[in-house]
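This report refers to the structure that appears directly beneath it.
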Amino acid sequence: GAPPAPSPFSRPQETLMGKYGEDTKLIYELQDQGGELLALRYDLTVPFARYLAMNKITNMKRYHVAKVYRRDNPATTRGRYREFYQCDFDIAGQFDPMIPDAECLKIVHEILSDLQLGDFVIKVNDRRILNGVFAVCGVPESKFIPACSTVDKLDKVPWEEVRSEMVGEKGLSPEAADRIGEYVQLHGGLDLIERLLQDPKLSQHKVAKEGLGDMKLLFEYLTLFGITGKVSFDLSLARGLDYYTGVIFEAVLLQRHSERGEEPGGVGSVAGGGRYDGLVGMFDPRGRKVPCVGVSIGIERIFSILEQRLEASGEKLRTTETQVLVATPQKHLLAARLKLISELWDAGIKAEMLYKRDPKLLKQLQYCEDTGIPLAAIVGEQELADGVVKLRDVATREEVRV
């Protein structure tokens, strides 16, 4: 049928619930009037895949900024909310290996560099390499996904804790856990990829070998893009979601020093993504597949970090784009202000005035200082008589007649 109108609802088909793995419990479920089960959308990737399938689109490059919902325990200080914005960028279509994937990483690098958030690292791994590691370490396939979500915690807790969760909760043998430990604590670049391609166990595993070959290709492209300095091939990166099929990545901001009680090292993930070649096929009635790779950037996370930085440095954040405040020094000049501001607005200049009939000049100038408006356009009786406007630079207090 025709695609549904865009809305924050998505139908939680079994397929959908299955794809969020352990995160399914974070989906907001609700019923509509007909008693049909709906869910608030959890991310922008699944709706995108569904849109491609419904409209039989086989290639598309797009970005999407919208709200998503998580039934999570919020931690507002760290920029973790139940309703928040995601900025997604995806490339769908059948292309040669790792070229679109490299471009996605280039974009993440560009965004994080431009935002000047400080030092960051983009961790990269591949689901195929990870599954290969589990396989050669003797983990039964039914336990790949639970093991994955445990490994993913390595950036927050030490290996000992991860190991005990694997053995205690996820039912892995201690031997398997120890073997996994030898791999998942590795991180590096091309040198590490080369080393693993020679690894007696991994190189025998067809899928892992394929993943490593692609990873090598990816790093060659990233070298050409000149961004390998910020990229780390990290075997502990697992990303919770089950819809990833190939390369996965996550960008983490690094702290120069630990702030009140935060674990030193990282502020947490500000962007993540990967390749999900099977997702579109799940929504297509005939199971037609469209390979996709994409990135999601968390705005609130980034905002909360920018706010903390500003607070720490004592800088003021300008919350308005207003360029000029239209002000009057005497009473009974509201008409002059309204006429002038109207002209400024019509000329595309961002202008404001105080919503008072007769504000005091000091109050108007104080407002400029408080909000960071750089200029005040002052029209008094004298200016009206001379047909001029007095333009005042709020910071330097210099005035020119225009």
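Averaging sequence separations of C-alpha pairs under 8 Å and six or more residues apart, then dividing by the length of segment 10-312, give the relative contact order as a whole percent. Could the numbers behind the result be given before it?
Details: 530 pairs, mean separation 77.2, N = 303.
RCO, segment 10-312: 25 percent.
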TODO: Treat each spin label as a single point 7 Å out from the Cα along the C-beta direction, and report the residue 36 to residue 173 distance in nm.
DONE: 4.9
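So how much slack lies between residue 115 and residue 384, counting 0.36 nm per residue of separation and subtracting their Cα-Cα distance, in nm?
Values: separation 269, 0.36 × 269 = 96.84 nm, distance 4.46 nm.
Fully extending the segment from residue 115 to residue 384 adds 92.4 nm.
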Open item on the list: Residues of segment 291-329 with backbone nitrogen within less than 18 Å of a virtual label 7 Å along the Cα-to-Cβ line of residue 371, please, listed as ranges.
Closed with: 316-329
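Probe radius 1.4 Å, ligands and nucleic acids ignored: give me the carbon and sulfur share of the accessible area of the chain as a rounded percent.
Reported share for carbon and sulfur atoms: 53 percent.
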- [ ] Could you list the residues of segment 342-364 with an amide nitrogen less than 14 Å from a label point located 7 Å from the Cα of residue 299 in the Cα-to-C-beta direction?
- [x] none
Task: Stretch gain in nm, segment residue 289-residue 191, where the contour uses 0.36 nm per residue and the Cα spacing is subtracted - done: 31.9 nm
TODO: Tell me the label-point distance for the pair residue 54, residue 99, using the 7 Å Cα-to-Cβ offset, in nm and rounded to one decimal.
DONE: 3.1
Open item on the list: Which log10 I(q)/I(0) values does segment 119-194 give at q = 0.12, 0.13, 0.19, 0.20 Å⁻¹ under the Debye formula, counting every alpha carbon as one identical point scatterer?
Closed with: -0.32, -0.38, -0.78, -0.86
Task: Eligible aspartates and glutamates near residue 360 by straight Cα distance, threshold 19 Å, same-chain separation 8 or greater - done: 352, 369, 370, 381, 383, 393, 399
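Treating only the Cβ of Lys, Arg, Asp and Glu as charged (+1, +1, -1, -1), what charge dipole size does segment 10-312 show about its Cα centre? Round to the nearest 20 debye.
On the way: 39 positive and 45 negative charges, 137 e Å.
Using Cβ point charges on Lys, Arg, Asp and Glu, segment 10-312 gives about 660 debye.
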Task: Convex hull volume of segment 269-402 per residue (C-alpha atoms, cubic angstrom) - done: 194
- [ ] Could you bin all the Cα-Cα distances of the chain into 10 Å bins starting at 0 and give me the percent of pairs in each, rounded to whole numbers?
- [x] 4, 18, 23, 20, 13, 10, 7, 3, 1, 0
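Using a 1.4 Å probe, what is the accessible area per residue for segment 172-247, in Å²? Mind showing how you got there, number by number?
Values: 3440 Å² over 76 residues.
With all protein chains present, segment 172-247 gives 45 Å² per residue.
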- [ ] Please determine, in degrees from 0 to 90 and to the nearest 10, the orientation of helix 127-136 with respect to the longest principal axis defined by the Cα atoms of the chain, where the helix direction is its Cα long axis.
- [x] 30
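State, as an integer percentage, the relative contact order of segment 68-125 based on alpha-carbon contacts under 8 Å between residues 6 or more apart. Could you put the intermediate results ahead of the total?
Working: 24 pairs, mean separation 11.5, N = 58.
Once normalised by length, the contact order is 20 percent.
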Task: Semi-axes of the equivalent ellipsoid for segment 324-401, Cα gyration tensor, largest first, Å - done: 16, 14, 14
Task: Set of lysines with alpha-carbon distance to residue 206 below 26 Å, sequence-local pairs under 8 removed - done: 19, 123, 143, 170, 216, 289
Task: Local electrostatic count, residue 342, Cβ distance below 14 Å [Lys/Arg +1, Asp/Glu -1] - done: 0
Open item on the list: If you fit an axis through the alpha-carbon atoms of helix 159-168 and take the longest principal axis of the Cα set of the chain, what angle between them do you get, 0 to 90°, nearest 10?
Closed with: 60
Open item on the list: What do you get for the angle between helix 206-225 and the principal long axis of the chain? Use alpha-carbon atoms, 0 to 90 degrees, nearest ten.
Closed with: 30
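Mind checking the per residue accessible area of segment 315-378 for me, 1.4 Å probe, whole number of Å²?
On the way: 4160 Å² over 64 residues.
For segment 315-378, the solvent-accessible area averages 65 Å² per residue.
The values are calculated or read from the model by the stated rules, or taken from the named source; none is laboratory data. What you are looking at is a predicted structure, and each value in this text was computed from that prediction instead of being measured. For neighbour counting, all protein chains shown are included, and Cβ atoms are generated from backbone atoms with ideal geometry for every residue, glycine included. Note: accessible area is taken over every heavy atom of the protein model, side chains too, but ligands, DNA and RNA are not part of it. Shrake-Rupley method; radii C 1.70, N 1.55, O 1.52, S 1.80 Å.
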